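Below is one structure, written out as structure tokens; the observations come after it.
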Ligand SMILES: [Zn+2]
């Protein structure tokens, strides 16, 4: 059940802390036009109110370019002011697309509580939340008259299934790269260990039967060699070791476990704890097991 037709301009209307962004995330990422993200794009700070005019400029430009392509836009902003809503309705109608208002129903105390839990730069003064809430309550009966073709409250929207389906599609897409070891390894790295940016720099360098697979994180002139170990008794402990110089002074590769970006930084800076180093050749260091 989806009472909002697409393509359209979907205008979220709700005070700070009313749950707009959580609901907006049930639409695909490219649909979502948010002042917070454009403030961040121009100033590096999503809460920088000085950047609002620039963020509005970007939002209007992207709205217009998407509507020219007949694509749905979900405007994730307070939209408490009538003149702001009028601009969005006009943009939709100029392209012969419907404008839909999605009114958030969270009570004021819930908006205030959520707002209070936000990081300092994203929190608005309580008086501002109250003002937005009052403005929206007054505007609500007149939204049709303003020109909205559809007016719905968030509690009438059943969007959980869409969200679940998109997550399922993503898992399927992940499984389709099974044949590609590097691509699969990047995803594992990204999810479990190092985050997406580092995972993007990963590739396998030595895949030989009977040996642990060896790969590397490489970018520019830097490289960290990693071996993937599956011989720990507990599969939850399987993971990567990074190659480091042997502390015993031999020429053999030594290894330290790396589970987090902090571990990698320590390897890069040569500041890893010595008691976790294990050398393949001279067996210097804390070995509890024969090297492969
Ligand atoms: Zn050694």
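The values are calculated or read from the model by the stated rules, or taken from the named source; none is laboratory data. All of these numbers come straight from a predicted model, not from anything done at the bench. Every residue, glycine as well, gets a Cβ built from its backbone with ideal geometry; the counts of neighbours run over all protein chains shown.
Put simply, of 223, 271 the only residue that is more than 16 Å from the ligand (Cβ to nearest atom) and part of a strand (DSSP E or B) is 223. Being loosely packed, with under 13 Cβ neighbours inside 10 Å, under 24 Å from the mean Cα position of the chain (by Cα) and not in a strand (DSSP E or B) holds for only one residue in 265, 189, 198, and it is 265.
The residue pairs whose first member lies in segment 250-269 and is in contact (Cβ under 8 Å) with a residue 60 or more places away in the chain, whose second member is within 16 Å of the ligand (Cβ to nearest atom), and whose beta carbons are closer than 8 Å, counting only pairs six or more residues apart or on different chains, are 258/241; 258/242; 264/242. Within segment 9-21, being within 21 Å of residue 63 (Cβ to Cβ) and surrounded by fewer than 20 Cβ atoms within 10 Å (Cβ to Cβ) holds for one residue alone: 21. The residues on offer are 231, 255, 204, 238, and the sole one that is within 15 Å of the ligand (Cβ to nearest atom) and either modelled with pLDDT under 90 or touching a strand residue (DSSP E or B) at 6+ places or on another chain (Cβ under 9 Å) (or both) is 255.
Just to be sure, is residue 59 surrounded by 14 or more Cβ atoms within 10 Å (Cβ to Cβ), touching a strand residue (DSSP E or B) at 6+ places or on another chain (Cβ under 6 Å), without any contact (Cβ under 8 Å) to a residue 40 or more places away in the chain and closer than 28 Å to residue 127 by Cβ? Against the criterion (surrounded by 14 or more Cβ atoms within 10 Å (Cβ to Cβ), touching a strand residue (DSSP E or B) at 6+ places or on another chain (Cβ under 6 Å), without any contact (Cβ under 8 Å) to a residue 40 or more places away in the chain and closer than 28 Å to residue 127 by Cβ), residue 59 qualifies. What tally of residues in segment 63-77 results from selecting those that are in a loop (DSSP other than H, G, I, E, B) and buried (at least 22 other Cβ atoms within 10 Å of the Cβ)? Number of matching residues: 1.
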